[in-house]
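Since the structure comes first, as structure tokens, the remarks are kept for the end.
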Amino acid sequence: MPDRIHALPTQLINQIAAGEVIERPASVVKELVENSLDSGAARIRIEAEQGGVKLIRVSDDGAGIARDDLALALARHATSKLAALDDLECIASMGFRGEALPAIASVARLRLASRAAAADKAWEIDGDGTGLRPAALSGGTCVTVHDLFYNTPARRKFLRTDKTEFGHLEQVVKRLALARPDLGFDLLHNGREVFSARAAEDLVGQQRRLADLLGSAFVEATLHFDYAAAGLRLSGWVARPTFSRSQADMQHFYVNRRMVRDKLVTHAVRQAFQDVLFHGRQPAFVLFLELAPSLVDVNVHPTKHEVRFREGRLVHDFVFRTLHQVLAETPEAAHQQGAAVAVDQPVAASAPSQTAMPLRVAERSAAYRAATQWQAPASPSSAARQGEQDAAVSDDGSPLGFAIGQVHGVYVLAQNRLGLVLVDMHAAHERITYETFKRAYAGAGIVSQPLLVPVTVAVSRREAELCEQQARLFSDLGMQVDRLGDQSLVVRALPALLRDADAERLLRDVLADLAVHGSSQRIQEQLNGLLSTMACHGSVRANRRLGIEEMNALLRDIERTERSAQCNHGRPTWIQIDMQALDRLFLRGR
Ligand code: ADP
Ligand code: MG
């Protein structure tokens, strides 16, 4: 071990830097594709062999690198993207640290070939900056990386099977391809095409890419939206809560088209879904946040996976409120406003594309269909048939149609223009009651109604005390509960909406919630939970006979209520079975 201080050789410095950014073949691909993105490429081709360990080749049709700059591109801290500290304040490119190429070159055999836009021929150079020679390349840049970690056996040992490594690599390419639907991407593994995505010209093309990369079930379950305010823009696709997943594997969040894993943003998204997702379920989304580069710091970590917002609170609120609103879609709103989302506002910063307006119409009918077809059959229907459906619903003021009857006291059967509507009576009513409670609680408070016969309930001393301490909260909830004795309480009034509820059971459930959530601060946070418990009690139970008028009233309530397409636990409250699906059931050709 040397005992004198000495400068490290360049190769070793680069290998140390590589330790931070190059973990596996997928990280090489990320760096190279990001360089292609920065070069203004329109099409990017990624080839890999043996999971990318043996070979990775990324070629693009971007601006290229001039012959005399080739060696510099491989030098540490050499970049064309940053000149002064001020530039760091407003990074618009993916790269800026100037360390990817030298880092990769220090742990693999690299070749860099490029032809600058104006140059008459292409040139190639080796990873150590030597061996400049003419190359056969019609334009753009081609980086070839062989034998990753051939000279760093310790790193190589951490690599998994080719299959696993390719899985990571594919994931990275997919994420980049999701962020840039305006570019074409090709991915090949061991000579076989894994996917080939054409540049998308419009929303339809973007959804096609989304379906290619994340599956058509995801796209069918999603709402598209685009909203901008206060210099922030959030757009993308969120899956309806009924498409929730057990894993957080379909969550793609981009800040200025850069994929990030950010705590603040994750929290805001979770909070927006809190009300509509069953505990432990994970939402699915592809979201793009755009804001002035000066408002976000990407120079937090060499891999740039984390970001820091100048106005964290503002960003959090914006993301939360926008998503909350989007998830509050109502079928009626979809019908009347022509979009399944309540927010849709052109963006000042980047003007909406010319196609945005005609698109609106297509989006309208697609959104309506999406909002009304919960279990849309997978096979695509003919354009003619779709047109017919659009026309059929356009003059219909009651999207959920009218009740025909009740099935086993559980489901309401209704008919609308599209076909059959099935409603889970209890689930739907529960959501409606819950939303009513929330509105009431946020507004004038919940109207309370005295009971003709007060109900005495035996409880533990602890519960009795808890009830006394939380008298204020009970009265806010529209309940009047007094202590009768050491271990007994009396319920004197209930929320008017719940006047028929089982007072004793309601009290016990609310007390149980209070006991679990402890302090009153917590209680405020859990208020929606309490309201939800109360809503459950107040909702029509299965097996209750409803008259046709009551059923129709329920249908109209669903149409009016926010988030009414799923119950408080994230289950669907109603489904549409259209005529085509019915026809198919009976093998009836039309
Ligand atoms: P950074 O991307 O942070 O600038 P890199 O080491 O990744 O650092 O790349 C160094 C430089 O090489 C870039 O700044 C750019 O000028 C050039 N370069 C790399 N890849 C490409 C490419 N595909 N097309 C054009 N120029 C490239
Ligand atoms: Mg780079």
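Quick check: net charge around residue 167, other residues with Cβ under 11 Å of its Cβ, Lys/Arg +1 and Asp/Glu -1? Intermediate values should be presented prior to the final figure.
Details: positive: 24, 160, 163, 174; negative: 162, 165, 170.
So the surrounding residues net to +1.
Could you tally the net charge around residue 179, taking each other residue with its Cβ under 9 Å from the Cβ of residue 179, Lys/Arg +1 and Asp/Glu -1? List each step's numbers first, then the result.
Working: positive: 175, 180, 257, 258; negative: none.
Net of charged neighbours comes to +4.
Explain nothing, just the number: relative contact order of segment 215-341, from Cα pairs under 8 Å at least 6 residues apart, as a whole percent.
28 percent
Quote the charge dipole size of segment 112-170 about the Cα centre in Debye, to the nearest 20; the model charges only the Cβ of Lys and Arg (+1) and of Asp and Glu (-1).
For segment 112-170, the charge dipole is close to 180 debye.
Which value, in Å², gives the accessible area per residue of segment 10-195 when a 1.4 Å probe is used on the protein heavy atoms?
Numbers: 8570 Å² over 186 residues.
Computed with neighbouring chains in place, this is 46 Å² per residue.
Whole angstrom only: what separates the Cα centroid of segment 86-150 from the Cα centroid of segment 207-259?
33 Å
Charges on Cβ only, +1 for Lys and Arg, -1 for Asp and Glu, centred on the Cα centroid of segment 10-195; of 154, 26, 92, which one is farthest towards the dipole's positive end?
Checked the options; the winner is 154.
If the cut-off is a Cα-Cα distance under 14 Å, which aspartates and glutamates reach residue 81, setting aside same-chain residues fewer than 8 apart in sequence?
34, 38, 69, 89, 99
Please report the relative contact order for segment 1-139, taking Cα pairs under 8 Å with a sequence separation of at least 6, and give it as a percent rounded to a whole number.
After rounding, I find 23 percent.
Please compute the net charge surrounding residue 77, taking Lys and Arg as +1 and Asp and Glu as -1 over other residues with Cβ under 10 Å from its Cβ.
Charge balance in the 10 Å sphere: +1.
Do any trypsin sites (Lys or Arg not before Pro) in segment 118-187 lie in a loop, going by DSSP, with at most 13 other beta-carbon atoms within 10 Å of their beta carbon, and if so which? List each step's numbers first, then the result.
Working: sites: 121, 155, 156, 157, 160, 163, 174, 175; in loops: 121, 157, 160.
Passing both the DSSP loop test and the Cβ count: 121, 157, 160.
For segment 215-341, give the percent of accessible area contributed by carbon and sulfur heavy atoms, probe 1.4 Å, rounded to a whole number.
Values: 2500 of 5120 Å².
Within segment 215-341, the accessible surface is 49 percent carbon and sulfur.
Rolling a 1.4 angstrom probe over the protein heavy atoms, how many square angstrom per residue are accessible across segment 215-341?
40 Å²
Of the cross-linked pairs 30/54; 30/174; 54/157; 30/163; 163/263, which ones have a Cα-Cα span greater than 20 Å in the structure shown?
Working: 30/54 17 Å; 30/174 11 Å; 54/157 14 Å; 30/163 18 Å; 163/263 30 Å.
Pairs exceeding 20 Å: 163/263.
The values are calculated or read from the model by the stated rules, or taken from the named source; none is laboratory data. A quick note: this is a predicted structure, and the numbers were derived from the prediction, not measured. Reconstructed Cβ throughout: ideal geometry from the backbone, glycine too, with neighbour counts over all protein chains shown. Accessible surface areas use protein heavy atoms only, side chains included; no ligands, DNA or RNA. Shrake-Rupley method; radii C 1.70, N 1.55, O 1.52, S 1.80 Å.
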